[in-house]
2 protein chains.
Amino acid sequence: MEHGNNEIGIVKTKFAIVTDELVLESGEKLGPVTLAYETYGELNPDRSNAVLICHALSGDAHVAGYHKGARKPGWWNDMVGPGKAFDTEKFFIICSNVLGGCMGSTGPGSVNPKTGQHYGLEFPLITIGDMVKAQQRLIQQLGIEKLLSVAGGSMGGMQALEWLRSAPEKLESAILIATAAMHSPQQIAFNEVGRQAIMADHYWQNGNYYHRGHGPSKGLAVARMVGHITYMSETSMLDKFGRQQKNEKQPFKFTADFEVEGYLRNQGDSFVKRFDANSYLYITKAMDFFDLTEDKPLHKVFRGLDAKLLVIAFRSDWLYPVWQSQEIVKACKIAGLNATYCEIDSNYGHDAFLLEIEQEAHLVSHFLKRVSNGYDMTGEYAI
Amino acid sequence: MEHGNNEIGIVKTKFAIVTDELVLESGEKLGPVTLAYETYGELNPDRSNAVLICHALSGDAHVAGYHKGARKPGWWNDMVGPGKAFDTEKFFIICSNVLGGCMGSTGPGSVNPKTGQHYGLEFPLITIGDMVKAQQRLIQQLGIEKLLSVAGGSMGGMQALEWLRSAPEKLESAILIATAAMHSPQQIAFNEVGRQAIMADHYWQNGNYYHRGHGPSKGLAVARMVGHITYMSETSMLDKFGRQQKNEKQPFKFTADFEVEGYLRNQGDSFVKRFDANSYLYITKAMDFFDLTEDKPLHKVFRGLDAKLLVIAFRSDWLYPVWQSQEIVKACKIAGLNATYCEIDSNYGHDAFLLEIEQEAHLVSHFLKRVSNGYDMTGEYAI
């Protein structure tokens, strides 16, 4: 497969044992911890051009470029590459699979070296804070003391917020896209339905399915279907599917009659081929428990920091509605933190952070240019 | 149990074989068809005071009063009774369980007299039109030629619309609450997730579970949980639960940590005790296939009718958003049909039709008063 001039080309996932033992927020110990990661571009001599991209619930380390033989590029390929928003000719881009994940990093599907068995539910509960702790070890191993930026959408934005809270001296800036300082009960509720669907699956077997050749794939598919509804907007569903019916008449009564049903079933089916159900449980719980404020007013979290923030939200995103981003920005303003807020008028719902590339790229590239040049950041962008 | 003066008191569900054979919209034949129903108040001598109330997805014939020994009254008890909106001192109120249901009417959980077995998936696909056809037979058996009104919320409103479309000469008026002329792809998608959750359950067994002593209760519970999220609003969830955590610390990792999780699990668990999973499949499919327009412009459906309509929608209802009610009203106006539209400013989401009793009762009682007195209906209500 040939790739154009503004494509990264073939990339490989790397693996690093980032620590022999990580003390988790819960007090439990986990180790050794491996993180899968990819890097693009070159670290400059003074190590000041590193940008960490954090992925969302179902993402992985493969943010851009092509794996050998693959037809599809990484999940944010439109944003990362030579001349793109995360410009690999200027920046050293890092993305790692989260702790608890299933794409190469240590998670419930990994083998516990102490027992020789898959962790399953023996895996300890992890938090967004624990994910960030593991990332910090990786960054350290890569010889980077301070990141130019930490960027992410959705759960990726939560990690960026956690970086700000727990290690503000280690980043110049953060890019928060379609995210929240904490989940609302509605967000928790949707995650809980996904978890219940997985745990209701006969093949889940209390998380103990790795050796059985059959996991809770139907339950996981249902969880993914719920997710997909919340990632789209009412309007984007109307635009994409309407009430269009599928042509095939099948003998079974409860087949997918409408296009939207077929779409959801396909999304569910393809997801179970690449994702581990237990990881879904652990990661969604970490999201639900995340609370940047720790019961303080949010602006107190930001007080005294001097990082620069870019906060982007999408008008039709009802899963991470704009008010959640606005709350972050308001708290920054109260704390005197330099935050730029941009609301993009998109119909794509929460998915917009993966789809509204043109406007998003414009905002991110200008922001990174300013940050890397040490420009004053007090201006607001017009959008 | 004692009941006050404005309570109906003890009531009993009745059963009627409404036809030996119903020819369904699909062309398939089903029979005999039994409907479970309840009535309240007295039919007046000229049989002009009958009001049919149609229930929503999970409702039943027991709309008001108390079953013997029951602690809870019927599902719309606040709206139906002496002196209430549906005033049983003035009106003869009828409510029947829908065809396909599981609360006494013929449905997939009934025994097929031809085989002596439960229908299961042998039960034919039914439509909102078929439900209304069965209701028409019941009304006929009760000796009523013309209903004063057909009223319903959600799927109940769809039935009222179908009455208007298919038998306009048989009703004076209709009350449509939080409903739609057809489902949007988002509404179909949520129903589809519920169906998938049921069919993913190992115990569903292609609908063939009645003799096994164990149905797809976990899958049905997940379906109900999804439903409940869509019945509430983001705001009502915030008001009711916030991020409140449950106190009990349980040994299991994926327990209900947040109040909202506990609420959803309880709702799911109590639902499976009273509802049949196959009925859930059949009824949701009927809702999804309902399309009042039949590919015509909606106003053509209303042209030439002289029924009076009251259309009520709730601002925070995102499952049946106000634009769906507004579309109905716009089409009525184009068709010259007498429709009054009221938008109630409630935080309760779709559940508002069961909870915003005060405003709803005010609107319904005035509307029924006008309709029953033959008043001119051109005025708009202030709300």
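The values are calculated or read from the model by the stated rules, or taken from the named source; none is laboratory data. The structure presented is a predicted model; accordingly, all values stated were derived computationally and were not measured. For neighbour counting, all protein chains shown are included, and Cβ atoms are generated from backbone atoms with ideal geometry for every residue, glycine included.
Which condition number in (1) of a type in the set (Lys, Arg); (2) in a helix (DSSP H, G or I); (3) under 23 Å from the mean Cα position of the chain (by Cα) is the one that B:Arg274 fails?
With respect to (1) of a type in the set (Lys, Arg); (2) in a helix (DSSP H, G or I); (3) under 23 Å from the mean Cα position of the chain (by Cα), B:Arg274 is out only on (2).
Which of the following residues is more than 11 Å from chain A (Cβ to nearest Cβ) and at pLDDT 95 or above: B:Ala223, B:Ala313? Spell out the reasoning first.
On the way: B:Ala223 fails: more than 11 Å from chain A (Cβ to nearest Cβ).
Going through B:Ala223, B:Ala313 in turn, just one is more than 11 Å from chain A (Cβ to nearest Cβ) and at pLDDT 95 or above: B:Ala313.
Within the stretch A:258-298, can you find the residues that are of a type in the set (Asp, Glu) and surrounded by fewer than 21 Cβ atoms within 10 Å (Cβ to Cβ)? Show your work before the answer.
Of the residues in the stretch A:258-298, the ones of a type in the set (Asp, Glu) are A:259, A:261, A:269, A:276, A:288, A:291, A:294-295.
Within the stretch A:258-298, A:Glu259, A:Asp269, A:Asp291, A:Glu294, A:Asp295 meet the criteria.
Exactly one condition in (1) of a type in the set (S, T, N, Q); (2) within 11 Å of another protein chain (Cβ to nearest Cβ); (3) outside any helix (DSSP H, G or I) is not met by A:Asn206; state its number.
The one condition A:Asn206 does not meet is (3).
Any idea which residue in the stretch B:8-32 is surrounded by the fewest Cβ atoms within 10 Å (Cβ to Cβ), counting only those that are closer than 26 Å to B:Ile93 by Cα and of a type in the set (Ser, Thr, Tyr)?
Out of the qualifying residues, it is B:Thr13.
Between a first residue in the stretch A:281-295 that is more than 10 Å from chain B (Cβ to nearest Cβ) and a second residue that is surrounded by fewer than 24 Cβ atoms within 10 Å (Cβ to Cβ) and small (Gly, Ala, Ser), which pairs have beta carbons less than 6 Å apart while being 6 or more apart in sequence or on different chains?
The qualifying pairs are A:Leu292/A:Ala181.
So is A:Ile175 outside any helix (DSSP H, G or I) and surrounded by fewer than 24 Cβ atoms within 10 Å (Cβ to Cβ) or not?
On the way: outside any helix (DSSP H, G or I): yes; surrounded by fewer than 24 Cβ atoms within 10 Å (Cβ to Cβ): no.
Criteria not met by A:Ile175.
Quick one: in the stretch A:180-202, which of the residues that are more than 7 Å from every other protein chain (Cβ to nearest Cβ) and closer than 24 Å to A:Ala221 by Cα is surrounded by the most Cβ atoms within 10 Å (Cβ to Cβ)? Write out each step before concluding.
Filtering the stretch A:180-202 down to residues more than 7 Å from every other protein chain (Cβ to nearest Cβ) leaves A:180-181, A:183, A:187, A:191, A:194, A:198.
With closer than 24 Å to A:Ala221 by Cα added as a condition, the list becomes A:183, A:187, A:191, A:194, A:198.
Working: A:His183: 24, A:Gln187: 22, A:Asn191: 25, A:Gly194: 26, A:Ile198: 28.
Looking at the filtered set, the residue picked out is A:Ile198.
Which number in (1) farther than 17 Å from A:Ser149 by Cβ; (2) more than 20 Å from the chain's Cα centre (by Cα); (3) of a type in the set (A, V, I, L, M); (4) assigned to a strand (DSSP E or B) marks the one condition that A:Ala339 misses?
(1)
Among the residues of the stretch B:316-350, write down those that are on the phi > 0 side of the Ramachandran plot and within 14 Å of chain A (Cβ to nearest Cβ). Write out each step before concluding.
Quick first cut of the stretch B:316-350, residues on the phi > 0 side of the Ramachandran plot only: B:336, B:349.
The one that is on the phi > 0 side of the Ramachandran plot and within 14 Å of chain A (Cβ to nearest Cβ): B:Gly349.
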